[in-house]
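Written out below as structure tokens is the structure these notes cover.
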Amino acid sequence: MERLAPLKLADTTWDNVGVLVENPKPNGSNRVMLTIDLTPEVLNECLEKRIEVIVAYHPPIFTGLKRLNLKAPKQAIVLRTIAEGMSIYSPHTIVDPEPKSCVPIVPSEPALVAALGLEANTTGMGRLVRLASPIPFSVFVDRVKRGLEVSSVRVCTPKSWGSGRSDAEGKLISTYAVCAGSGTSVFRSLKSSVDVVLSGEMGHHDVLNYVFRSLKSSVDVVLSGEMGHHDVLAAADGGQAVVLCEHTNTERGFLKAKLQPALQLALEDTNVEVLVSSVDHDPLQPW
């Protein structure tokens, strides 16, 4: 993991990354499990498949702990991993930038770029993608869903795009900005003209600040994980469409498409097997 995504790339001003649990008595199974969140369901899967190292994208230990007991769910997970000879590693903001020496890293973004048949910038957090030629908004949304392997996204379109869905579907998109997970700080620094902002989530006030500061830059679409009801209305009033994908849906594809093959290749001279959780999913599900 250090070779693929060096710890120096992490934003340690707030993040908690690297080795979070180093087991003194590893179970020796030589099996690694990749997951976005280490939930009780994922832990049970790890127990069933006898995993030795869990790579959890989101740190299961984030703030300081004064005690460890079984009454607190997250602490119980940590205690169980220790008891079962498992260790925990979290990359999180280590893998947000994309230096050429590392795994291509904005989670799920490479899949989206591939699905759209585009080239993207290769430095820093987030990507600014310019389409070779404009495509209808409906085509963009369909490709986002296919790239993220989700059945639905939530969409709000401004009145300026027309009175009905068919009018909005035909709106042409030529550029978009993408940042998996939370794109707040990344989009604050965006200076180029874009049509779409794609992210897992942004603070709603930051979305509004970004959108309204960017009106002069012809932003057509804010594509994120979640926004408050009134902020969606405010963005629409400002002339922007809103597409919401849910936070971890913008990250999960990265595990199978990029991290698993890269880590398995790095371990090719060993008998270590790298798996991706089959039960890890976004907590919010469409009904």
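Numbers for the structure displayed
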read-out: Meets criteria (at pLDDT below 85, surrounded by 21 or more Cβ atoms within 10 Å (Cβ to Cβ), assigned to a strand (DSSP E or B) and in contact with a helix residue (DSSP H, G or I) (Cβ under 6 Å, 6 or more places away or on another chain)) for V211; value: no
read-out: Scan of the stretch 6-22 for residues that are open to solvent by 40 Å² or more (accessible area, probe 1.4 Å) and assigned to a strand (DSSP E or B), ordered by number; value: V19
read-out: Qualifying residue in the stretch 262-283 (condition: surrounded by 14 or more Cβ atoms within 10 Å (Cβ to Cβ), out of contact with any strand residue (DSSP E or B) (no Cβ under 9 Å at 6 or more places or on another chain) and of a type in the set (D, E)); value: yes
read-out: Yes/no for S160 being more than 24 Å from the chain's Cα centre (by Cα), at pLDDT below 80 and either hydrophobic (A, V, I, L, M, F, W, C) or farther than 24 Å from D282 by Cα (or both); value: no
read-out: Cβ-Cβ under 9 Å pairs, at least 6 apart or on other chains, the stretch 140-159 side within 12 Å of L244 (Cα to Cα), far side small (G, A, S) and open to solvent by 80 Å² or more (accessible area, probe 1.4 Å); value: K145/S151
read-out: Matching residues, the stretch 45-75, being part of a helix (DSSP H, G or I) and either open to solvent by 30 Å² or more (accessible area, probe 1.4 Å) or modelled with pLDDT under 95 (or both); value: L47, E48, P73, K74, Q75
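The values are calculated or read from the model by the stated rules, or taken from the named source; none is laboratory data. In this text, all values refer to a predicted model and were calculated from it rather than measured experimentally. Every residue, glycine as well, gets a Cβ built from its backbone with ideal geometry; the counts of neighbours run over all protein chains shown. Keep in mind that these areas ignore ligands, DNA and RNA; they rest on the heavy atoms of the full protein, side chains included. Shrake-Rupley method; radii C 1.70, N 1.55, O 1.52, S 1.80 Å.
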